[in-house]
Amino acid sequence: MPARLIFLGTTKQLKNSAGIVLQTNKTQLHIDPGAGAIARASQMGIDTKRTTALLVSHAHIAHCSDVNAAVAEMSYSGIDRKGILISNSTLIKGVGEEIPYLTMYHKNSLEKVIILNQDDKIAVEDVEIHPLKAIHQDPNAMGFRIMTSEFVLSYSGDTRYSSELISQYRDSDILLLNVAEPFGETSSSNLTSEDAVKLILQVMPKLTIITHFGEKMLKANPMNEAREIQRLTGIQTIAARDRLIITPTSYSELPQKKLNVFTLPKMMPMDEIKKEEIVPEEPNEIKELRGILQQQINQ
Ligand SMILES: [Zn+2]
């Protein structure tokens, strides 16, 4: 089965913050299981008992509120000591006066609990996971670089833009960015569309996916923002939406041409899956705009 990237929830708002599932041949990773993660996954036909590892980028509620429920699923409510949790230290140990989100009971239900430190590398079945630096309110926030045999995906987690982040994203096939704010906004804790453009131009991935939208972003319409990011960078950019499924390997096989993207409408039977194909536009002025932006970045 080709790898699948499944978006369960794509906003900062809790009603749509259930995270992302990456399925490969041997593994199922649930990244940032926020509110409703288990319910949303089961609506999408994902068996959360089969999750190999949970990856939690930081201890904000939209990223980890269902972590204990997800552990309960993996471990059959603690009957089996099963499953792996890979996260920052805040989730497991707390920070300052914040107590840990992960309860002792659920911690003890897991087969392995791994706090990722800089320079760590973790192999889980057929994927390798490295932490990525992030600058956010949770001082231990991180992103993840996920390497499969077919593609490298860098997930930013929640972070503000900083030029010091660029080098760690290099050589990524897919940039998965939490872009909370639209063009014209500034943020001291999250990426804006403008920041995404700066990042993409310096990393030049094959594909960018933006997700984790704040209210202003939703008002601006993430699809329009993605279109503008793509126009300015020349890199195919998709705005994630709830229930979006992406098969990254189709992209690898046909670089720059085809990416199979399809959504599962709510509870629709499989034969009614709506399929759409996204082909990048190549506007003439891209080179010129890229030059201008590059100059801005270099300043
Ligand atoms: Zn956050």
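Points to keep in mind about this one:
- Computed label-point distance, nm, for sites Asn117 and Lys133 using a 7 Å Cα→Cβ extension: 1.7 nm
- The trypsin sites (Lys or Arg not before Pro) of the range 1-78 that meet both conditions, a loop assignment by DSSP and at most 11 other Cβ atoms within 10 Å of the site Cβ, are Lys26.
- Shown here for the range 74-133: trypsin sites (Lys or Arg not before Pro) in loop regions (DSSP other than H, G, I, E, B) with at most 10 other Cβ atoms within 10 Å, of which there are none.
- Restricting the range 137-209 to chymotrypsin sites (Phe, Trp or Tyr not before Pro) in coil, as DSSP defines it, with at most 10 other Cβ within 10 Å: none
- The C-alpha atoms of the range 131-228 occupy a region whose extents along the principal axes are 38, 31, 19 Å, arranged from largest to smallest.
Every number in this text was worked out from the coordinates using simple rules, so none of it is lab data. For clarity, every value in this text was computed on a predicted model and none was experimentally measured. Every residue, glycine as well, gets a Cβ built from its backbone with ideal geometry; the counts of neighbours run over all protein chains shown.
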